[in-house]
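Structure, as structure tokens:
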């Protein structure tokens with residue numbers, strides 16, 4: 001690991017919503033000034049509550065939603081709000097995604113080989129034998145058999161469907177795989193199987209993952225670096241080990257206090273967050289977590305969120321407490 005293959009620079013994604021009583025469209029701030037770096041060969045974790053902007057950030061990187069401002073540097077391209085479709089196409093061939101729900105993300109009218117080879121078909125390949133052969137070369141690597149190629153996806157369990165989705169992500173030789181909570185819709189019994197499969201494929205194909213998850217125990221176990229998001233903003237980022245050893249943002253502390261402790265003799269104080277989350281519509285230029293933060297002071301409620309403070313090598317947090 002060393003080469004940065006993807007970097008976001010103050011990446012912002014806003015959505016226009018209903019007009020207010022003055023006739024002006026409101027702005028829903030989904031992702032705000034996000035800066036992350038993903039290095040080749042690593043697993044980068046993205047965590048936070050539902051609605052914090054994790055999936056929107058991933059969709060912006062993939063080009064599924066338009067960028068409002070900022071830019072993305074990846075695979076020799078700089079992508080921003082003015083980037084043309086032809087350049088996006090060159091970037092997308094380096095990236096694929098594994099979606100959260102293997103039931104709705106796979107076309108039930110297609111056979112398995114058609115689903116796996118679909119990225120090649122979209123890219124312009126029309127040789128059916130070549131498409132089938134490429135699918136056959138991957139199906140056993142994800143734990144299925146060659147006999148499964150001519151079956152339909154509704155004949156498979158959730159874990160098997162996710163294996164099909166993983167094979168589809170691999171077929172175009174993508175370097176970066178974005179995993180959007182790939183185990184959350186599956187039975188607990190198959191979580192570890194899918195995670196171990198992703199780890200094995202990472203070694204075999206020299207892949208890089210952006211791994212989105214609510215499961216902090218999983219993030220701790222498999223990721224090298226991570227970022228913690230709250231209402232569209234990154235609150236803390238850096239090496240996973242350092243963040244878990246010394247969380248510097250009260251929001252990160254609250255998330256980690258909810259991790260199930262397997263040692264009954266080791267007690268962890270649960271931090272219960274109270275108060276209403278701020279609305280993402282036209283948010284004020286303040287700390288978005290201040291009204292729920294158990295350590296907030298009056299200064300937090302009245303002053304803009306400060307820049308990132310470098311706490312140690314490869315560990316940064318964005319909180320007023322780090323400047324006291």
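Look at region 84-104 and say how many of its residues are modelled with pLDDT of 90 or more and assigned to a loop (DSSP other than H, G, I, E, B).
2
Kindly check whether there is at least one residue in region 264-278 that is assigned to a loop (DSSP other than H, G, I, E, B) and in contact with a strand residue (DSSP E or B) (Cβ under 7 Å, 6 or more places away or on another chain).
No, because not a single residue in region 264-278 is assigned to a loop (DSSP other than H, G, I, E, B) and in contact with a strand residue (DSSP E or B) (Cβ under 7 Å, 6 or more places away or on another chain).
Run down 110, 75, 99 and say which single residue is in the same structural domain as residue 164 (by TED's automatic domain parsing) and closer than 19 Å to residue 207 by Cα.
When all the criteria are applied, what remains is 99.
What residue, of 117, 145, is touching a residue at least 24 places away in the same chain (Cβ under 8 Å) and in contact with a helix residue (DSSP H, G or I) (Cβ under 9 Å, 6 or more places away or on another chain)?
That would be 117, the only listed residue that is touching a residue at least 24 places away in the same chain (Cβ under 8 Å) and in contact with a helix residue (DSSP H, G or I) (Cβ under 9 Å, 6 or more places away or on another chain).
Would you mention how many residues in region 10-25 are surrounded by fewer than 15 Cβ atoms within 10 Å (Cβ to Cβ) and touching a strand residue (DSSP E or B) at 6+ places or on another chain (Cβ under 9 Å)?
So the answer is 7.
Condition first: part of a helix (DSSP H, G or I) and surrounded by 14 or more Cβ atoms within 10 Å (Cβ to Cβ). Now tell me which residues in region 122-136 satisfy that.
131, 132, 134, 135, 136
For region 137-165, enumerate the residues that are buried (at least 18 other Cβ atoms within 10 Å of the Cβ) and under 17 Å from residue 187 (Cα atoms).
156, 159, 160, 161, 162, 163, 164, 165
Output the residue which, of all residues in region 200-227 that are surrounded by fewer than 16 Cβ atoms within 10 Å (Cβ to Cβ) and either free of Cβ contacts under 8 Å to residues at least 40 places away in the same chain or outside the structural domain of residue 35 (by TED's automatic domain parsing) (or both), is farthest from residue 134 (Cα to Cα).
221
Please specify each residue of region 228-246 satisfying the condition of being more than 19 Å from the chain's Cα centre (by Cα) and without any contact (Cβ under 8 Å) to a residue 60 or more places away in the chain.
Selection gives 245 alone.
(1) touching a residue at least 40 places away in the same chain (Cβ under 8 Å); (2) more than 18 Å from residue 170 (Cα to Cα); (3) in contact with a helix residue (DSSP H, G or I) (Cβ under 7 Å, 6 or more places away or on another chain); (4) surrounded by fewer than 18 Cβ atoms within 10 Å (Cβ to Cβ): which one isn't true of residue 77, the others all being true?
So residue 77 meets the others, but not (1).
Give me a count of the residues in region 105-121 that are in a helix (DSSP H, G or I) and under 20 Å from residue 62 (Cβ atoms).
6
The values are calculated or read from the model by the stated rules, or taken from the named source; none is laboratory data. None of these values were measured; they are calculated from a predicted model. As a convention, Cβ positions derive from the backbone with ideal geometry for all residues, glycine included, and neighbour counts pool all protein chains shown.
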